[in-house]
Every structure is written in C-alpha cells, then in structure tokens.
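What follows is calculated from the coordinates using simple rules that are stated; it is not laboratory data. For clarity, every value in this text was computed on a predicted model and none was experimentally measured. So basically every Cβ, Gly included, is an ideal-geometry build from the backbone, and we count neighbours across all protein chains shown.
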Amino acid sequence: MAAEFAIKQLKVKKAATIHDGASTPSSCRPFRRDVQKMGGTITSQEAVAPTDTDMRPVLTKIATGAPEFLYYPFSSPRAGTSPGR
C-alpha cells in the first residue's frame, strides 16, 4: 500500500528504506519489491539500531541517493510516532 501511494499518488521514482535490524527488516521487503515492480528505484536500504537516537549519519548517507520518498516502518518514540497513533 505504501509503495502504491508513493509511486501512483505522489508520483515519486526514487525511494529509500530504513529499518531497525531487529523487528522490521522484513517489513521493508514488500515495499522495495512493489516499488521496483511499478518502475521505481530503491536508492538506499539502511538499518539503525533500535536504541539509536541520532539519525543524522544514516540520513546523510541516504541523502546521497536523492530519494523522493523515505519508507521508515517504525512505531516508536524515536521515529516520531507512538504505537496506536
């Protein structure tokens, strides 16, 4: 659903993903697959530790690929959302 929204509604061609390496790496796979199926490109696939609070290094690395969309399937205070919201 997220890939379809990004490609069809937002008209993006390039996306990047971030996962926490523990609970969400598999949640990025369908997004990556669907983006590529619809003709988009995944510019970066990065991981952060669940305890990381400074995202600047990973975001700086991702920025080099100039993605138009960032898929960040987290549900934690560090990601800016809380479960159930």
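Got a sec? How would Ser44, Ser27 order by Cβ neighbour count within 10 Å, fewest to most?
Fewest-to-most ranking of Ser44, Ser27: Ser27, Ser44.
Using θ = phi - 60° and the Karplus curve 6.51 cos²θ - 1.76 cosθ + 1.60, what whole-Hz ³J(HN,Hα) does each residue of region 34-39 get, with Gly and Pro shown as x?
Karplus-based 3J(HN,Hα) across region 34-39 equals 5, 4, 5, 4, 8, x Hz.
Can you give the net charge of the other residues whose Cβ lies under 9 Å from the Cβ of Ala15, counting K and R as +1 and D and E as -1?
Counting the neighbours of Ala15, the net charge comes to +2.
For a quick check: sort Ile18, Ile42 by the number of other beta carbons within 10 angstrom, fewest at the front.
Placing the least packed residue first, the sequence is Ile42, Ile18.
Starting from the Cα-Cα distance between Val58 and Lys37, subtract it from 0.36 nm times their residue separation and give me the gain in nm to one decimal.
Full extension from Val58 to Lys37 adds 5.0 nm.
Give me the percent of DSSP beta bridges within region 2-75 that run antiparallel, rounded to the nearest 5.
Close to 0 percent.
Order of Lys8, Lys13 from fewest to most other C-beta atoms within 10 Å?
Taking fewest neighbouring Cβ atoms as first place, the list is Lys8, Lys13.
Using only the alpha-carbon atoms of region 2-75, report the extent along each of the three principal axes, biggest first, to the nearest angstrom.
If we take the Cα atoms of region 2-75, the spans are 34, 24, 15 Å.
Find how much the distance from Lys13 to Leu70 grows on full extension, using 0.36 nm per residue of separation minus their present alpha carbon separation; answer in nm with one decimal.
19.4 nm
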